[in-house]
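Single-structure report; data block below.
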Amino acid sequence: MLSLPTLATFFVTALAIELTPGPNMAYLALLSAERGRRPGLFAVAGVTLGLAIIGLLAALGLAAIIAQNQLAYQAVRWAGILYLVWLGYDSWRDAQKPVGQEDYSARSHIYFRRGLITNLLNPKAAVFYLAVLPNFLPAQASVASFILLAAIYVFAATFVHTMIVVLASQLQPFFVQPERRRTLGAIFGLLLVGVAIWLGLSTRQV
């Protein structure tokens, strides 16, 4: 069984790691500033599911196979980079269109899906489960202990991501006007491309 101090220390570690700028934080902050709280929260739900899936795969040993196989790792890595570039282009394209009253609510499932895919294609999440989490496990720990720590990490990440969305969405009313929206869409798109480049540089090696 994991002790309470171990669980508390791991939770603080997970919070610290999630407060470090990364692809999820950048995407959620930019999305919420441009499009508001609702799309951001749906994206958070997608990211949460993605983290939970990767945690389960790590517990089953599948994430280790991907991390140790250069071909599989690079395939996931490049898919994530290209997907972020595409999201940047899509943001710029959407910003050129007029926004209807029902636009964002009708597309909530799209933001959920994008959050999910962005996280599943982020190799750094798998590396966390393989390089950081095991340090908090005793020797010959059970799969249940691994899953417990993974659940704590998902909770910590979701808390941080939700706070990011709530804070960033406060800026959204300022960008409702068409001219400002087009400008922010271009900036948002360029920043996402920048995040893709950063992800590519920071994940060149497992």
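Before we move on, is A156 closer than 22 Å to G50 by Cα and surrounded by 14 or more Cβ atoms within 10 Å (Cβ to Cβ)?
Spelling it out, A156 is indeed closer than 22 Å to G50 by Cα and surrounded by 14 or more Cβ atoms within 10 Å (Cβ to Cβ).
Taking the stated definitions as given, is A186 modelled with pLDDT of 75 or more, among the small types (G, A, S) and surrounded by fewer than 20 Cβ atoms within 10 Å (Cβ to Cβ)?
Taking the combined requirement at face value, the residue satisfies it.
Could you please tell me which pairs satisfy a Cβ distance under 8 Å, a separation of 6+ or placement on different chains, a first residue in the range 8-32 that is under 19 Å from L137 (Cβ atoms) and modelled with pLDDT under 85, and a second residue that is among the aliphatic types (A, V, I, L, M) and in a loop (DSSP other than H, G, I, E, B)?
As it stands, the answer is I17/V132, since those pairs meet every condition given.
Among the residues of the range 128-140, which ones are surrounded by fewer than 17 Cβ atoms within 10 Å (Cβ to Cβ) and either free of Cβ contacts under 8 Å to residues at least 40 places away in the same chain or hydroxyl-bearing (S, T, Y) (or both)?
If the condition is that a residue be surrounded by fewer than 17 Cβ atoms within 10 Å (Cβ to Cβ) and either free of Cβ contacts under 8 Å to residues at least 40 places away in the same chain or hydroxyl-bearing (S, T, Y) (or both), then A131, P134, N135, A139, Q140 are the ones that fit.
Of everything in the range 165-183 that's at pLDDT below 75 and touching an Asp or Glu at 6+ places or on another chain (Cβ under 8 Å), which residue is least open to solvent (accessible area, probe 1.4 Å)?
Result: R181.
Collect the residues in the range 1-41 that are open to solvent by 50 Å² or more (accessible area, probe 1.4 Å), among the β-branched types (V, I, T) and assigned to a helix (DSSP H, G or I), keeping them in residue-number order.
T9, V12, I17
Checking the condition modelled with pLDDT of 75 or more and of a type outside the set (S, T, N, Q), which residue from Y129, Y73 passes?
That would be Y129, the only listed residue that is modelled with pLDDT of 75 or more and of a type outside the set (S, T, N, Q).
Among the candidates A144, A125, single out the residue that is open to solvent by 40 Å² or more (accessible area, probe 1.4 Å) and out of contact with any strand residue (DSSP E or B) (no Cβ under 7 Å at 6 or more places or on another chain).
A144
Among the residues of the range 86-105, how many are open to solvent by 60 Å² or more (accessible area, probe 1.4 Å) and modelled with pLDDT of 75 or more?
Residues that pass the stated criteria total 4.
Consider only pairs whose beta carbons are under 6 Å apart and that are at least six residues apart or on different chains; among these, list those whose first residue lies in the range 68-94 and is closer than 10 Å to V193 by Cβ and whose second residue is open to solvent by 40 Å² or more (accessible area, probe 1.4 Å) and not basic (K, R).
V85/V193; G88/V193
The values are calculated or read from the model by the stated rules, or taken from the named source; none is laboratory data. A quick note: this is a predicted structure, and the numbers were derived from the prediction, not measured. Note: ideal-geometry Cβ built from the backbone for every residue, glycine included; neighbour counts use all protein chains shown. Quick note on the areas: whole protein, heavy atoms, side chains included, nothing else; ligands and nucleic acids left out. Shrake-Rupley method; radii C 1.70, N 1.55, O 1.52, S 1.80 Å.
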